[in-house]
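Quick notes on the structure that follows.
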Amino acid sequence: MKICGVDISGNDAVVSLLTLSDGVFTIPDCRVAKVSIGDANDTQKMKDFQFAFAKLMQDYQIDRVVIRQRQTKGKFAGGAVGFKLEAAIQLIEGLPVDVISATEIKERLKRNPLAVPFKETGLKQYQEPAFLVAYACIMN
């Protein structure tokens, strides 16, 4: 199974790919660490973002996308652009997408802790939330 974890931050969809085969995890190399959008109010730019994300998933033969849910209220609430990016990803035809809450991720990580420290994965620090959501999903 190939999973893409997504953490939406500002105008970026930060991605982390993870595969599980015969009980062994692999973090495949990915040509990008994030898919960005310039002006989310421009319909063509939204379509371009959606196309670029769909193409990335197709190229890496991703089975499922898992997005870390963002808060709708409070100090850490997600911005309007982030919710538009989330919707654009969810509406990609033929791509199964789940949105998982931070609480659910913590519960799953508690049941299945990481086998290696994140620093040893070779991913960039800002990819950690995307990696954790992918790991939590694949371990469910």
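Applying the condition of being small (Gly, Ala, Ser) and closer than 13 Å to Lys84 by Cα to region 17-50 and asking which residue is surrounded by the fewest Cβ atoms within 10 Å (Cβ to Cβ) yields Gly38.
The residue that is farthest from Leu17 (Cα to Cα), counting only those in region 27-86 that are among the aromatic types (Phe, Trp, Tyr) and touching a helix residue (DSSP H, G or I) at 6+ places or on another chain (Cβ under 8 Å), is Phe49. Here Met1 clears all of (1) in contact with a strand residue (DSSP E or B) (Cβ under 6 Å, 6 or more places away or on another chain); (2) surrounded by 12 or more Cβ atoms within 10 Å (Cβ to Cβ) except the condition numbered (2). Of the helices (runs of 4 or more DSSP H) lying entirely inside region 28-140, those containing at least 2 residues that are touching a residue at least 60 places away in the same chain (Cβ under 8 Å) and touching a strand residue (DSSP E or B) at 6+ places or on another chain (Cβ under 8 Å) are 80-90, 128-138. Before we move on, is Ala87 closer than 17 Å to Met1 by Cβ and either modelled with pLDDT of 90 or more or exposed (fewer than 11 other Cβ atoms within 10 Å of the Cβ) (or both)? So Ala87 does not fit the description; no. For residues that are among the small types (Gly, Ala, Ser) and surrounded by 16 or more Cβ atoms within 10 Å (Cβ to Cβ), tally how many sit in region 58-84. So the count comes out to 2.
The values are calculated or read from the model by the stated rules, or taken from the named source; none is laboratory data. Here the structure is a predicted model, which means the values were calculated and not measured. Here Cβ is always computed from backbone atoms with ideal geometry, including for glycine, and neighbour counts include all displayed protein chains.
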